[in-house]
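Peer 1: I am attaching a structure below and will ask some questions about it afterwards.
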């Protein structure tokens, strides 16, 4: 194709990026880069963050309207040479779409918006999933939660988010444990702190627990006192700084009440941490990997699992974790995008 005279260059794929979390922004940028390596011309329409709301229903409405505005603005710019395909990043981004497109998602509202939290989102989501020419769940678990729409949808392709080691691991891991606490209630930070304090109470713990992803003020608003007992809140960090802490940590510990995917856990495994976690509902991609690597570290007794990870680590844990993450590697994802995704988007 050739650019329209005096207009912008034509676009093969437009990604409508909700970008409400760092994980979503990273996933959208990775997809853009992978499509470009496959030879596609790609643009991202980024939703502007709406005003903060007190309920999930209003929050989702604000983000859905922001995504529609971003998509509409970009489509108006490309009116003379519209994109051949659109990918909406998350079901929320697709709820008020101006034009049908593929939907990429970690988990549908059918799974993570129960009861009153998803009264308007769930029925509209079912309609959009059924209208989409292609569904792109991050995991088989996400696909399973959206299965009711598959009979009407144009098909599905599981497309994981790429996860790679962030750099060489240091020979000495001087941080005992780290956790990621954005949305601290959903992440179960209260249970993590309780387990850590129980371990510390028995003595013999060298190092501290770092709490990343949330500041002290956010934790205080959530009713959590995270200081003391070998706990240090490091707050919101630049991505490179956070991954550098993972490379120094012996254990990544979490106790999510629901997990829509678990990028933080996969990144921790990629950077050589042992994963101590409770089981959780939702398409928790790292959970079966953690059970395979060391089942002692997965269970409801988080304190006991922490003690095992700190005192009796499996020697080849990190090497086996890297092997288990091969399907999530950038090379594997690039191959999937080039062989299967791009031809289906442009068909």
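Peer 1: Report the residue count in region 225-253 for those that are surrounded by fewer than 24 Cβ atoms within 10 Å (Cβ to Cβ) and assigned to a helix (DSSP H, G or I).
Peer 2: Adding up the residues that qualify gives 9.
Peer 1: Residue 256 passes all but one of (1) in a loop (DSSP other than H, G, I, E, B); (2) surrounded by fewer than 22 Cβ atoms within 10 Å (Cβ to Cβ); which number fails?
Peer 2: (2)
Peer 1: In region 298-312, which residues are in a helix (DSSP H, G or I) and touching a strand residue (DSSP E or B) at 6+ places or on another chain (Cβ under 9 Å)?
Peer 2: Residues satisfying the conditions are 302, 305, 306, 308, 309, 310.
Peer 1: Is it the case that residue 72 is within 18 Å of residue 333 (Cβ to Cβ) and assigned to a helix (DSSP H, G or I)?
Peer 2: So residue 72 does not fit the description; no.
For (1) out of contact with any helix residue (DSSP H, G or I) (no Cβ under 9 Å at 6 or more places or on another chain); (2) surrounded by 14 or more Cβ atoms within 10 Å (Cβ to Cβ); (3) within 25 Å of residue 146 (Cβ to Cβ), each residue gets a yes or a no:
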| site | (1), (2), (3) |
| --- | --- |
| 284 | no, yes, yes |
| 289 | no, yes, yes |
| 294 | no, yes, no |
| 299 | no, yes, no |
| 312 | no, no, no |
| 315 | yes, no, no |
| 336 | no, yes, yes |
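Peer 1: Next question, about the same structure. Report yes if residue 218 is in the same structural domain as residue 282 (by TED's automatic domain parsing), crowded, with 16+ Cβ neighbours inside 10 Å and modelled with pLDDT under 95, otherwise no.
Peer 2: yes
Peer 1: What number goes with the only condition from (1) at pLDDT below 90; (2) surrounded by 15 or more Cβ atoms within 10 Å (Cβ to Cβ); (3) part of a loop (DSSP other than H, G, I, E, B); (4) touching a helix residue (DSSP H, G or I) at 6+ places or on another chain (Cβ under 8 Å) that residue 162 does not pass?
Peer 2: With respect to (1) at pLDDT below 90; (2) surrounded by 15 or more Cβ atoms within 10 Å (Cβ to Cβ); (3) part of a loop (DSSP other than H, G, I, E, B); (4) touching a helix residue (DSSP H, G or I) at 6+ places or on another chain (Cβ under 8 Å), residue 162 is out only on (1).
Peer 1: Of all helices (runs of 4 or more DSSP H) completely enclosed by region 80-140, which ones contain at least 3 residues that are over 20 Å from the mean Cα position of the chain (by Cα)?
Peer 2: Counting at least 3 such residues, we get 121-131.
Peer 1: Has region 51-58 got at least one residue that is surrounded by 16 or more Cβ atoms within 10 Å (Cβ to Cβ), more than 19 Å from the chain's Cα centre (by Cα) and in a loop (DSSP other than H, G, I, E, B)?
Peer 2: No - not one qualifying residue is present in region 51-58.
Peer 1: Determine if region 35-47 includes at least one residue that is surrounded by 19 or more Cβ atoms within 10 Å (Cβ to Cβ), touching a residue at least 40 places away in the same chain (Cβ under 8 Å), assigned to a helix (DSSP H, G or I) and touching a strand residue (DSSP E or B) at 6+ places or on another chain (Cβ under 9 Å).
Peer 2: Yes, region 35-47 has at least one match.
The values are calculated or read from the model by the stated rules, or taken from the named source; none is laboratory data. On a predicted model such as this, the values are computed, not experimentally measured, just so you know. Glycine also receives a Cβ, built like all others from the backbone with ideal geometry; neighbour counts cover every protein chain displayed.
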